[in-house]
Amino acid sequence: MTRVVIIGGGMGGSSLLEIFQNDPLVQIVGIADVDKNAPAIKLARKLKIPVTQNYKRLLKPQKADLVIDVTGNQEIQSDLQSALSPGMAMIGGPSAKFMWQLIEERIKSKEQIEQHLLEYQALYRLYVKEVEHAIAEERTRIACDIHDGLIQTLAGLNYHIEFCIDQIEKNKDGALKSIQETQKLLKESIVEAREVVFNLRPITLGRSGLYQALAKYMTTFEKQYKIKTTLQTTGSESNIPAEAKVFVFRIILEALANVQKHSEGDRVQVKVLTQKTGLKASIIDNGIGYKAHRSQPETEHRTSFGLEAISERARLLGGTAKITSRIGKGTKVAIEIPLTKEVLI
């Protein structure tokens, strides 16, 4: 183990203390500075390292192996050279300055790494929160779809079957007609069931692709909500990572949900442009629009949550979301997502 004495209690001394205090191969046997309130002196007291205002007390034989002078004072450096005991080495002047500056950079780098780690941890927590919210949101939406569509259709089927049973002996022609109506309802319920299954499995994006999945969903959206939809796609989606496809898909679905719930419009246009370095998408409706500062807080509140989810999803991909709207002029949701590996989750 190397026994080290530090002369100088300023930034250099503090940097050396911070890096050497946990080094098993180094023992700091003392630190000296004429200023008893110097930063390194205060730190040394906390670490229970001997401190003194007279550096010569630390230069006794067999007390230290290495003296590091970070004062930058030529007189002290010359005095140290003449006062060193046999077997003691000294680092001073530019060499000592370079040493503590290098160490300080190392400390800064460590702090930056720790800061980045904290940022990534925060981002991960947001991602988990986003996923949990998306799951809960999707469950609620699918439950409504099943209740309002499939269950009501099945209830109608049950009624028609009961009517057929009642009429099969009384009125064969009426029973036959009812059976035919039941068969039609059954076909519709099969279609609805397939739509529910599709909405439960966005993972098919990996096989069918983002564009095809959007086209299929918008066909269902138009049929279910009687809102005219158009989809315009430009560029190849081959360079969009699977995770980004899912997030973009969810963003557009969220925007369409806002159109259905709040816009009161009858048309919506979705545009997706994919380039090598980024993706741009816009969702434009012809609805009533809104103003964030108008005096209807309940209307503002009902739309803000969905718009916040859109912005959060875009941010998690390293992108941005911009929502513009005017009363009576509709609303436009525009997102820009970079497609570089460094920013994608």
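The values are calculated or read from the model by the stated rules, or taken from the named source; none is laboratory data. Everything quoted here is computed from the prediction, not taken from an experiment. All Cβ positions, glycine included, derive from the backbone under ideal geometry; neighbour counts span all protein chains shown.
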Sole residue being touching a Lys or Arg at 6+ places or on another chain (Cβ under 9 Å) and aliphatic (A, V, I, L, M), chosen from 240, 284: 284
Filter result (among the small types (Gly, Ala, Ser) and over 45 Å from the mean Cα position of the chain (by Cα)) within region 9-45: 30, 32
Pick from region 18-42, criterion at pLDDT 80 or above, part of a helix (DSSP H, G or I) and in contact with a helix residue (DSSP H, G or I) (Cβ under 6 Å, 6 or more places away or on another chain), ranking: farthest from residue 55 (Cα to Cα): 39
Close pairs (7 angstrom Cβ cut-off, 6 or more residues apart or separate chains): more than 23 Å from residue 39 (Cβ to Cβ) in region 61-82, of a type in the set (S, T, N, Q) and part of a strand (DSSP E or B) anywhere: 65/2
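Residues being of a type in the set (S, T, N, Q) and more than 22 Å from residue 318 (Cα to Cα): count how many of those fall in region 230-267.
First pass over region 230-267, keeping only residues of a type in the set (S, T, N, Q): 230, 232-234, 236, 238-239, 258, 260, 263.
Imposing the further condition that a residue be more than 22 Å from residue 318 (Cα to Cα) reduces the set to 230, 232, 258, 260, 263.
Total meeting the criteria: 5.
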Among the residues listed as 138, 192, the single one being at pLDDT below 70, within 49 Å of the chain's Cα centre (by Cα), of a type in the set (Asp, Glu) and over 30 Å from residue 312 (Cβ atoms): 192
Meets criteria (buried (at least 19 other Cβ atoms within 10 Å of the Cβ) and at pLDDT 85 or above) for residue 219: no
All positions within region 13-67 that are closer than 16 Å to residue 2 by Cβ, buried (at least 18 other Cβ atoms within 10 Å of the Cβ) and touching a Phe, Trp or Tyr at 6+ places or on another chain (Cβ under 8 Å): 16, 28
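Of the residues 337, 251, 327, 283, which single one is more than 22 Å from residue 219 (Cα to Cα), at pLDDT 85 or above, surrounded by 13 or more Cβ atoms within 10 Å (Cβ to Cβ) and out of contact with any Cys (no Cβ under 6 Å at 6 or more places or on another chain)? Walk me through how you get there before you give the answer.
Values: 251 fails: more than 22 Å from residue 219 (Cα to Cα); 327 fails: surrounded by 13 or more Cβ atoms within 10 Å (Cβ to Cβ); 283 fails: more than 22 Å from residue 219 (Cα to Cα).
Being more than 22 Å from residue 219 (Cα to Cα), at pLDDT 85 or above, surrounded by 13 or more Cβ atoms within 10 Å (Cβ to Cβ) and out of contact with any Cys (no Cβ under 6 Å at 6 or more places or on another chain) holds for just one of 337, 251, 327, 283, which is 337.
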